[in-house]
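To start, the structure under review is shown below, and the notes come after it.
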Amino acid sequence: MILSAPNSSAPAKLPSAAPKISFVSLGCPKALVDSERIITQLRAEGYELTKTHAGADLVIVNTCGFLDSAKAESLAAIGEALDVNGKVIVTGCMGADPKTIESQYPNLLAITGPQAYESVVRAVHDAAPAPHDPLMSLVPDQGIKLTPRHYAYLKISEGCNNSCSFCIIPHLRGRLVSRPAGDVLREAERLVKAGVKELLVISQDTSAYGADMRFASSPFQDRDVRAKFVDLARELGGLGAWIRLHYVYPYPHVDDVIPLMADGIVLPYLDIPFQHASPAVLRAMKRPGDQEKMLERIKAWRAICPGLTLRSTFIVGFPGETEADFQMLLDWLTEAQIDRAGAFKYEAVDGAPANSLGRDPVPEDLKQSRYARFMLHQQAISARKLAAKIGQRIQVLVDQGDKAGGTGRSKGDAPEIDGKVHITGKRPVRTGDIVMAKVDRSDAYDLFATLI
Ligand code: SF4
């Protein structure tokens, strides 16, 4: 996606001297936050963002290296930028292994790995020296956000200490490094002051927050706050915005955050990747394997917080996955009644330990048919869960308001990955408003509601 500072109340047109940057941000919300950080720095130094490669002094491509399909998309974006502009800086996860990029594109200005903000800015300075009159004053306190004004991603840590056998992220982004709680909370506070209504808490492993620093405390306002998953969630919940928790690894202590959801302190929403349900496959994935126990935990969570929405991610076609393993996954989904679930077809990404487990690869056509069966099976579950909301009065955060309603999301819908609420009403609603609506009907993904 090519970025131009959409919502940072972009300053008046800069004198033409300001070098123009075209920015492509690929991959996950964590990469998006990295892009935001680089852009905030460059804008503060007086650079201008431009929508097209053609008119730019240079192009920055923030790549994704998680899957081969993502790598292909990144290489295509680099190629296009080189064709149209010719002066290109590459950063992001794929930059952690520059060989593949260099072999295909030897004439890049620079290649850096993820979170190498300084190296990217240095490369920009070398290629297009910074204007003499920085514009610090024109960059908002909360920095430049690439999401719409009313929601923002809040990255609380980098890297991961787990070693799931299908994943190369620890290799790309390193071990877990948590941000001090005080820093995270001050950033959150600035965002809420700037009008953000929903904070999406992200990292590679959100529930491991603080483990790398022994949950050390740091000052925030008049108190010390521990860098600990539940403590941070509670404090964030006190800032007056919707708090949505993403990328939550299913450690036992995740149970402790459910009462905060029941008390309305954080949203009753948990993005918790389970990846599979067959003990044999989970063992080979090096993931927590007791899915029967997981069913009991989910039941207990729902008893404490009946309105809880569970979002999860699964992998189909993992090496050695048998028909029985796959059927176990479908049966588990039926029991768990996950509200929202997505699936990836396993990809033998370079460097993933799973490639050398000596387990038979699942043929592509079988992977594809299991993927289709999974999506169909889950779609039926999601549709039933949504239909059960008909007649309920729900809060809706408006993403697009108009004179007779608009579209938004309930507490159970994260942006980009979940469904929408289509609102109709007799009065205008504005983007960013939180309104009450009564659910009239639903389909497989969305709700349709009337403003009240
Ligand atoms: S927890 Fe997530 S980021 Fe960490 S190794 Fe596993 S899949 Fe990768």
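The values are calculated or read from the model by the stated rules, or taken from the named source; none is laboratory data. Computed from a predicted structure; not experimentally measured. FYI the Cβ positions are ideal-geometry reconstructions off the backbone, even for glycines, and counts take in every protein chain you see. Heads up: the accessible areas ignore ligands, DNA and RNA and are worked out on the full protein's heavy atoms, side chains in. Shrake-Rupley method; radii C 1.70, N 1.55, O 1.52, S 1.80 Å.
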## Note on the structure
The alpha-carbon center of the stretch 320-335 and that of the stretch 204-252 are separated, in whole Å, by 34
### Antiparallel DSSP beta bridges within the chain, as percent of all bridges there, nearest 5
40
### Task
Grab every C-alpha pair in the stretch 212-306, bin the distances at 10 angstrom width from 0 up to the longest one, and report whole percents.
14, 40, 32, 13, 2
### Task
Leaving ligands, DNA and RNA out of it, report the carbon-plus-sulfur percent of the accessible area of the stretch 207-266 at a 1.4 Å probe.
50
### Task
Enter the Cα centre distance for the pair the stretch 53-87 and the stretch 349-428, rounded to the nearest angstrom.
28
### Query
Non-local amide H neighbours of LYS155 (under 5 Å, H modeled in plane, Pro and chain starts lacking H): which ones?
ILE202
### Query
Which loop trypsin sites (Lys or Arg not before Pro) in the stretch 336-431, with loop taken from DSSP, have no more than 10 other Cβ atoms within 10 angstrom of their Cβ?
LYS403, LYS426
### Task
Could you work out the Kirkwood radius for the stretch 151-387, taking every pair of different alpha carbons, averaging 1/r and inverting it, reported in Å?
18.8
## Note on the structure
Under 5 Å from the placed amide H of PHE220, counting only residues 5+ away or on other chains, we find VAL225
## Note on the structure
Nearest-0.05 FRET efficiency for ALA130 and THR424 at R0 = 41 Å, using Cβ-Cβ distance, is 0.25
### Query
Per residue, how much accessible area does the stretch 92-227 show when a 1.4 Å probe rolls over the protein heavy atoms, in square angstrom?
45
### Equivalent ellipsoid semi-axes - Cα gyration tensor, the stretch 15-107, angstrom
22, 16, 10
### Task
List the relative contact order of the chain as a percent without decimals, with contacts defined as Cα pairs under 8 Å and 6+ residues apart.
10
### Query
Is the shape of the stretch 393-451 best called rounded, prolate or oblate, per the rule: a/c under 1.5 gives rounded, else a/b larger than b/c gives prolate, else oblate, with a ≥ b ≥ c the square roots of the Cα gyration tensor eigenvalues?
oblate
### Task
Taking H placed 1.01 Å from N in the peptide plane, check which residues at least 5 places from SER165 or on another chain put their amide H under 5 Å from its amide H.
LYS286
### Query
Rounded if a/c is under 1.5, else prolate if a/b beats b/c, else oblate: with a ≥ b ≥ c from the C-alpha gyration tensor eigenvalues square-rooted, which is the chain?
oblate
### Task
Per residue, how big is the convex hull around the C-alpha atoms of the stretch 300-452? Give it to me in cubic angstrom, could you?
140
### Task
Would you kindly derive the ³J(HN,Hα) couplings of the stretch 251-261 from the backbone phi angles with the Karplus curve 6.51 cos²θ - 1.76 cosθ + 1.60 (θ = phi - 60°), listing them in order in whole Hz, with x for Gly and Pro?
5, x, 6, 4, 3, 5, 8, 4, x, 5, 6
### Task
Report the Cys residues of the chain lacking a disulfide-compatible partner, meaning no second Cys Cβ under 4.7 Å from their Cβ.
CYS28, CYS64, CYS93, CYS160, CYS305
### Task
Kindly write out, for the stretch 32-45 in residue order, the coupling ³J(HN,Hα) from the Karplus curve 6.51 cos²θ - 1.76 cosθ + 1.60 (θ = phi - 60°), rounded to whole Hz, with x marking Gly and Pro.
4, 5, 4, 4, 4, 5, 5, 5, 4, 4, 5, 5, 4, 8
### Task
Take ASP34, ASP402 and sort them by solvent-accessible surface of the protein heavy atoms, 1.4 Å probe, largest at the top.
ASP402, ASP34
## Note on the structure
Taking the chain and counting helices only, DSSP H stretches of n ≥ 4 at -39,500 (n - 2.57) each over all residues, the nearest-500 ellipticity at 222 nm comes to -9500 deg cm²/dmol
### Query
Over the stretch 393-451, what is the mean sequence separation of C-alpha contacts under 8 Å (at least six apart), divided by residue count, expressed as relative contact order in percent?
37
### Task
Starting from the Cα of LYS20, draw a straight line to each of the lysines and keep only those under 20 Å, dropping any in the same chain fewer than 8 residues away.
LYS51, LYS87, LYS145
